[in-house]
1. Check LEU14, LEU18 and return the single one that is at pLDDT below 75, loosely packed, with under 10 Cβ neighbours inside 10 Å and of a type in the set (A, V, I, L, M, F, W, C).
2. Output the residues belonging to region 28-83 that are touching a helix residue (DSSP H, G or I) at 6+ places or on another chain (Cβ under 8 Å), assigned to a strand (DSSP E or B) and of a type in the set (A, V, I, L, M, F, W, C).
3. Restricting attention to region 92-105, and to residues there that are farther than 18 Å from PHE33 by Cβ and within 16 Å of the chain's Cα centre (by Cα), which single residue is surrounded by the fewest Cβ atoms within 10 Å (Cβ to Cβ)?
4. Could you tell me whether GLY116 is among the small types (Gly, Ala, Ser), at pLDDT below 90 and under 28 Å from TRP32 (Cα atoms)?
5. ASP145 is checked against (1) modelled with pLDDT of 85 or more; (2) over 25 Å from the mean Cα position of the chain (by Cα) and fails just one. What number does that condition carry?
Amino acid sequence: MELPKGYNSVDKTLVCRLKKSLYGLRQAFRQWFGKFSTTLIGNGFSQLKNDYYLFTIDKGASLVILLVYVDDILLAGPSVACVHSIQAKLQALFKLKIHGPLKYFLGLEIANSTKGIVLTQQKYAFSLLEDTGFLGCKPSSLPMDPNLKLNMLNGDYCLIPQCTGV
């Protein structure tokens, strides 16, 4: 027996009001993420144990990282070809909007330069100042050196395992 495609009313002026939509249900994201993560793992991704929304896949000489945040998916990796390949595969499996290179995420502005990636929170800081009414206040000096340059080898925590600075 085939189920009806929708509710058909004799009176065409009547409409149906939904009590709950799937998008508004608390378990909707969990259901979607369950299917999404199962698909990723089935296609060779590894899910990190300390952050369940972070996935990695090692494609030979290239690592691709996938991060899920609510309804946003970030793909990153040194090989543009690998990232585009995974993006195309995900596009075929799920209905996705591709927004191109990352520019703004969680209050961070991201820009690529010849020296690397530049992260700023200027837009976020201005919106906080505007919301709290402090936009017209005088600036104050910071308790740190504003010209400090950080890299993987200096500082209290080294990002390279062979480093002896830890």
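The values are calculated or read from the model by the stated rules, or taken from the named source; none is laboratory data. Just so we're clear, the structure is a prediction, and the values are computed from it rather than from any experiment. Quick reminder, even Gly has a Cβ in these numbers, built from the backbone with ideal geometry, and neighbours come from all protein chains shown.
1. Details: LEU14 fails: at pLDDT below 75.
Going through LEU14, LEU18 in turn, the sole match is LEU18.
2. Within region 28-83, PHE55, ILE57, VAL64, LEU66, VAL68, ILE73, LEU75, ALA76 qualify.
3. Step one: of region 92-105, the residues farther than 18 Å from PHE33 by Cβ are 92, 98-105.
Going one step further and asking which of them are within 16 Å of the chain's Cα centre (by Cα), we end up with 98-105.
Values: ILE98: 11, HIS99: 9, GLY100: 5, PRO101: 7, LEU102: 16, LYS103: 11, TYR104: 11, PHE105: 13.
In this case the residue turns out to be GLY100.
4. Working: among the small types (Gly, Ala, Ser): yes; at pLDDT below 90: yes; under 28 Å from TRP32 (Cα atoms): no.
The answer is no for GLY116.
5. So ASP145 meets the others, but not (1).
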